[in-house]
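Comments concern the structure below.
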Amino acid sequence: MRIIKVEFFFSFFLLLLISLTDSFGELNKSQVSLSGNDANSTQLKQEVIRVIKPGVFDYQSQDFMVRMRVWGVEFPKREQPGYNEALTFSEQKLLSASPKIQIRQEFDLQNLKVVEVTIMNGQMNFSREAISLGIGWHSEKESNRYGPFVIAQLKAKRLNLGIWANNFNYKQIQSPSSLPTPRLPGMYNSQRSFVPSLSFWVTTFGKIHRPGCSFYQRGRGNLTSKPQGLDCRICGGRNSK
Ligand SMILES: [Zn+2]
């Protein structure tokens, strides 16, 4: 009995060790390229299929599509000066080259996957380029004052590039990393709140994922607005995290 127990713990420890080693390997790999043949959850290949707005895009992988937001940079909103430039910049940089994607955060509060994007064979960091040209500004809170972005922004400010050429207060509108305010407060009070756009992905194993989760629409399952099963621990399933 005792031996069995020991064996059990040992194999558990071994599994833990293997999974740890795997995730370290993942980090290194993702910095180089994500176009390998390994079939795991962070495998991302193919291309950017559309730019939704500056820094936000849809990424088409072999069998799933993920909406992503570029890490560490914020851009002018539609009604703010510099929006068109930021959109054009995003389209030119993201749609032309095949970008390399590194996941920084599984989801932000808008259920977007937050990623670091490098293009031109890893020579150009999208966020840093955008900041250094004054196309967008550094989101210091999100990047935790990431040095290269700090320096890029200092240069852009000194040269009065892009957004720094005018004195517009961009921060007056919410940053993408802050909580969204409900636009229809009444909706949340009603017992039968009707949210037609939100459909969950329920796998054949009964795991519930919400849009934006890396497991959303992966493998076998169904889309439904009335899911039954176990909520995913990563995305929260029925309960947004
Ligand atoms: Zn999930």
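The values are calculated or read from the model by the stated rules, or taken from the named source; none is laboratory data. Since the model is a prediction, treat every value here as computed from it, not as a measurement. All Cβ positions, glycine included, derive from the backbone under ideal geometry; neighbour counts span all protein chains shown.
List of remarks:
- For LEU154: the one exception among (1) within 15 Å of the ligand (Cβ to nearest atom); (2) over 21 Å from the mean Cα position of the chain (by Cα); (3) at pLDDT 90 or above: (1)
- Residues that are without any contact (Cβ under 8 Å) to a residue 12 or more places away in the chain and away from the ligand (no atom under 11 Å from the Cβ), drawn from the stretch 224-238: LYS226
- So LEU179, is it at pLDDT 80 or above and within 22 Å of the chain's Cα centre (by Cα): no
- Taking the criterion of being surrounded by fewer than 16 Cβ atoms within 10 Å (Cβ to Cβ) and either in contact with a Phe, Trp or Tyr (Cβ under 8 Å, 6 or more places away or on another chain) or in contact (Cβ under 8 Å) with a residue 12 or more places away in the chain (or both), the residues of the stretch 141-156 that qualify are LYS141, PRO148, VAL150, LYS155.
- Note on the stretch 64-93: residues that are surrounded by fewer than 19 Cβ atoms within 10 Å (Cβ to Cβ) and of a type outside the set (Asp, Glu) total 11.
- Count - residues of the stretch 127-159 that are among the aromatic types (Phe, Trp, Tyr) and more than 16 Å from PRO76 (Cα to Cα): 2
- When GLY134 is tested against (1) within 21 Å of the chain's Cα centre (by Cα); (2) assigned to a loop (DSSP other than H, G, I, E, B), exactly one condition is not met: (1).
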